[in-house]
1. Can you name the residue in the range 163-215 that is in a helix (DSSP H, G or I), closer than 14 Å to G148 by Cβ and of a type in the set (V, I, T) and is also least open to solvent (accessible area, probe 1.4 Å) among such residues?
2. Would the range 141-154 turn up any residue that is open to solvent by 10 Å² or more (accessible area, probe 1.4 Å) and more than 21 Å from the chain's Cα centre (by Cα)?
3. Output the residue which, of all residues in the range 295-341 that are more than 13 Å from G110 (Cα to Cα) and of a type in the set (S, T, Y), is least open to solvent (accessible area, probe 1.4 Å).
4. If I filter the range 130-140 down to residues being touching a strand residue (DSSP E or B) at 6+ places or on another chain (Cβ under 9 Å) and free of Cβ contacts under 8 Å to residues at least 60 places away in the same chain, which single residue comes out as most open to solvent (accessible area, probe 1.4 Å)?
5. Can you tell me which residues in the range 394-442 are in a helix (DSSP H, G or I), buried (at least 21 other Cβ atoms within 10 Å of the Cβ) and among the acidic types (D, E)?
6. What residue, of V411, V421, V405, is under 27 Å from K49 (Cβ atoms) and touching a Lys or Arg at 6+ places or on another chain (Cβ under 7 Å)?
7. Keeping to the range 44-67, report how many residues are in contact with a Pro (Cβ under 8 Å, 6 or more places away or on another chain) and either more than 17 Å from A2 (Cβ to Cβ) or among the basic types (K, R) (or both).
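The values are calculated or read from the model by the stated rules, or taken from the named source; none is laboratory data. Worth saying up front: this structure is predicted, and the values here are computed from it rather than measured. We place every Cβ from the backbone using ideal geometry, glycine too, and count neighbours over all the protein chains shown. Calculation scope for accessible area: heavy atoms of the full protein, side chains included, ligands and nucleic acids excluded. Shrake-Rupley method; radii C 1.70, N 1.55, O 1.52, S 1.80 Å.
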Amino acid sequence: MAGPALIAGGTVVTMNAGREIVPADVLVGADGAIQELREPRTPPPEGVKIVDAAGCLVMPGLVQAHLHLCQTLFRGLSEERPLLAWLRERIWPLEAAHDQASLGASARLGIAELLLSGTTALLDMGTVHHTDALFAAAEQSGIRYTGGQALMDRGEGVPPGLRQATAEAIAESDALHARWDGAAGGRLRYAYTPRFILSCSEELLRAVAERARTGARVHTHVAEQEAEIAAVRAEIGYGDLELFAKIGLTGPWLVLAHAVWLDEDGLAELARSGSHVTHCPASNLKLSSGLAPVRALLDRGVNVALGADGAACSNRLDGWSQLWLAALVGSVRDGAGAVSAREAVEMATLGGARALGLEHQIGSVEVGKRADLIVVDHRPHLPNGDAYATLVYSCRGTDVRTVLVDGRVVVKDGRLQTLDVETVRREAVEARDALVRRAGLT
């Protein structure tokens, strides 16, 4: 349990309804909730631990709503390929070679990078097997984690080690949901994660839709690349989002990664259903997937979050890279400032919280919410003006000084408190070398 703390001396980027930016000290209770935004230099209550934020910005932790922690060990192993070749030639064989130890090592390495750079919550898509290792790593690290087993029951190029019978896949996911959803005091949550339509049967997707209608979160990919869309249409006669809508999978429980190639009907369906989109600008650029229509989504009231996708396709899990690129890609696609700095920060905080279904708990600095907070030292980028522009265009992961999750300090003065970083890195290198050998890749 967290102890009471006072984050003192900073300027708070609240992300509240008024988007107020105020000099204030943030009082965090022993229960991990924000108790008060106090006038600066007010004497602290007795027994409260002081977190020094003098000269810094205090803000909600970043929330990334699409990641593959299982791929952190694959960094640099699948360069310069388009999506389907990237998957079939490298990613799927590597995922099939994972064992419990390598998946745990991959998750710990990714989580260490996320926490050190200010991401406090994430939505993760695992691989097909050993999902318990992901949850165990998240539980140990202190991060706020929502994730699930990747569901795959068919597909061209899917290795036997990643293909499960439909009933087996659903039964295993149900058991994982029962075991992990709500664990660690609610910090860990389960989401059903059918990978994408080319590796999932309609029977499997319908089973997931049934669970969504009883309250489960669902996380999948949609409309990522033109070649993928052509393959989907060749197989089923229409697009992936059309099928999701037909079977009742779209809705406020659904988080869709990428959504690059949406037509007017697709935009309308997302707005109608309240489904969420996670914009992944780095991987969209690197895999040559395209420029997502973020302005059009926002204009239709669709909630948009951000995600780094995975180290195998964007190389860095640093959420600040996604902030920066989201704003720049918006300008390239739709004109200078089409996605404002303030909108980009909202996508990285409240947008992610909404996608996870946690907007009443995290995503802003408000009394009663959980204290998922970061202290960002923006002074290396002085002089600066607007705080949002500074955060988006100047700040980076190395500017994050302190990180709290649920009121617990997990990064202090730039040092991770919950995992030994050198051990994590050593184990990751050893695990990757063994993984590559098992996959038969050089």
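1. V208
2. Taking every residue of the range 141-154 in turn, at least one turns out to be open to solvent by 10 Å² or more (accessible area, probe 1.4 Å) and more than 21 Å from the chain's Cα centre (by Cα).
3. Step by step, filter the range 295-341, then rank; the result is S321.
4. So the residue we want is E139.
5. D399
6. Just a single option satisfies the conditions, and that option is V405.
7. Final tally of qualifying residues: 1.
Every residue, every condition in (1) of a type in the set (S, T, N, Q); (2) within 24 Å of the chain's Cα centre (by Cα); (3) at pLDDT below 95, yes or no:
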{"residue": "M1", "(1), (2), (3)": "no, no, yes"}
{"residue": "L6", "(1), (2), (3)": "no, no, no"}
{"residue": "A17", "(1), (2), (3)": "no, yes, no"}
{"residue": "A24", "(1), (2), (3)": "no, no, no"}
{"residue": "L27", "(1), (2), (3)": "no, no, no"}
{"residue": "P43", "(1), (2), (3)": "no, no, yes"}
{"residue": "V48", "(1), (2), (3)": "no, no, no"}
{"residue": "L57", "(1), (2), (3)": "no, yes, no"}
{"residue": "H66", "(1), (2), (3)": "no, yes, no"}
